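A short worksheet on the structure shown next.
The values are calculated or read from the model by the stated rules, or taken from the named source; none is laboratory data. In this text the structure is predicted, and so the values were computed from the model without any measurement. All Cβ positions, glycine included, derive from the backbone under ideal geometry; neighbour counts span all protein chains shown.
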Amino acid sequence: MEKELASRWHGLIDIATTYGLELIAALVILVFGWWLAGRVQKLILRALDRLPRMDATLKPFLSSLARYAIIAVTLVAVLARLGVQTTSIIAVLGAAGLAIGLALQGTLQNIAAGIMLLLLRPFRVGDYIDAGGISGTVDEIGLFTTDMTTFDGVYRSVPNASLWNTSILNYSRLPTRRMDASVGIAYEDDVERAMALLLDHLKQDSRILSDPAPQVVVTNLGESSVDLSLRCWAERSDFWALKFELNKNAKLWLDDAGISIPFPQRDVHLIPTSDDGSANPTGN
């Protein structure tokens, strides 16, 4: 009886030792793999930073992809170390992938949208965009979300699917932009003289491109003014400063030339009425 108990005890010790060592080995693999994934991500980012032609949009995506790949391999190695068969791992991952895919359809849409945004590149890091009312400067395009900074300095995290499924306006894509500045003059003023005056000032500004040539056109005959539009092209970096200056300078140029900018006004004609309340145009 004592020999049988001793034999069982030694058997339990051997089993505990064996599985304990396997568990320790699995933990070591997990910790090392997790550390290696983070380390490789940083090394890839540093290596990509040294490449002058590497697009800044792809750097975080490629580094994150490498990290997730190493983590996936680590988890498979840990399960294999614990005695789980590879075929069963694949079956479990397939079933889990199907269940997760059904439960996380929105998340998978964001991943697919992020990949499409990186491949087609409707915008890049540093571009200012407007996508269905979502506007800001792009800071990073990730697998799930795109990080942006609004014009007033507010951080914004946008799901990739929201950007992919709408029309995107990229204000930073092209090197030049056209701007319009509107101003109205009185009907009594000389329209041709005002147009020639404004066009001459546009041609004197070195920031305004000569090709396409600047224009001054009549855009509307309003209730109290003849509306003129100053149209010109400039480099993207000069756009906002020049647009604000044109709105101010257009008034100053017309004031110096003695051309008035009328405010809205309306003539009111009173029709006298008779004693019984009916209209009496003759006034009798």
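Being within 10 Å of the chain's Cα centre (by Cα) and not in a loop (DSSP other than H, G, I, E, B) is the filter; apply it to the stretch 146-162 and report the residue that is farthest from Tyr68 (Cα to Cα). I'd like the intermediate steps shown before the answer.
Of the residues in the stretch 146-162, the ones within 10 Å of the chain's Cα centre (by Cα) are 146-150, 156-158, 160.
Cutting the leftovers down to not in a loop (DSSP other than H, G, I, E, B) gives us 146-149, 156-158, 160.
Numbers: Thr146: 18, Asp147: 20, Met148: 24, Thr149: 27, Arg156: 24, Ser157: 21, Val158: 21, Asn160: 19 Å.
It comes out as Thr149.
Residue-by-condition table, conditions (1) in the same structural domain as Glu245 (by TED's automatic domain parsing); (2) at pLDDT below 90:
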| position | (1), (2) |
| --- | --- |
| Leu117 | no, yes |
| Thr146 | no, no |
| Asn160 | no, no |
| Gly184 | yes, no |
| Arg193 | yes, no |
| Leu198 | yes, no |
| Leu202 | yes, no |
| Leu228 | yes, no |
| Cys232 | yes, no |
Quick one: in the stretch 196-236, which of the residues that are among the basic types (Lys, Arg) and not in a loop (DSSP other than H, G, I, E, B) is nearest to the chain's Cα centre (by Cα)? Arg236
Out of the residues in the stretch 45-59 meeting the condition of being closer than 16 Å to Ile141 by Cβ and assigned to a helix (DSSP H, G or I), tell me which one is modelled with the highest pLDDT. Leu45
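Quick one: would you say Ala213 is among the hydrophobic types (A, V, I, L, M, F, W, C) and buried (at least 17 other Cβ atoms within 10 Å of the Cβ)? I'd like the intermediate steps shown before the answer.
On the way: among the hydrophobic types (A, V, I, L, M, F, W, C): yes; buried (at least 17 other Cβ atoms within 10 Å of the Cβ): no.
It is false that Ala213 is among the hydrophobic types (A, V, I, L, M, F, W, C) and buried (at least 17 other Cβ atoms within 10 Å of the Cβ).
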If you scan the stretch 126-145, which residues turn out to be under 21 Å from Ser64 (Cβ atoms), free of Cβ contacts under 8 Å to residues at least 60 places away in the same chain and assigned to a loop (DSSP other than H, G, I, E, B)? Asp127, Phe144
Which of (1) modelled with pLDDT of 70 or more; (2) not in a helix (DSSP H, G or I) is the odd one out, the single condition Leu36 does not satisfy? (2)
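Only one of Leu62, Leu75, Leu79, Leu27 is surrounded by 12 or more Cβ atoms within 10 Å (Cβ to Cβ), at pLDDT below 80, touching a helix residue (DSSP H, G or I) at 6+ places or on another chain (Cβ under 9 Å) and over 30 Å from Leu163 (Cβ atoms). Can you tell me which?
Details: Leu62 fails: over 30 Å from Leu163 (Cβ atoms); Leu75 fails: at pLDDT below 80; Leu27 fails: at pLDDT below 80.
After ruling out the rest, the residue left standing is Leu79.
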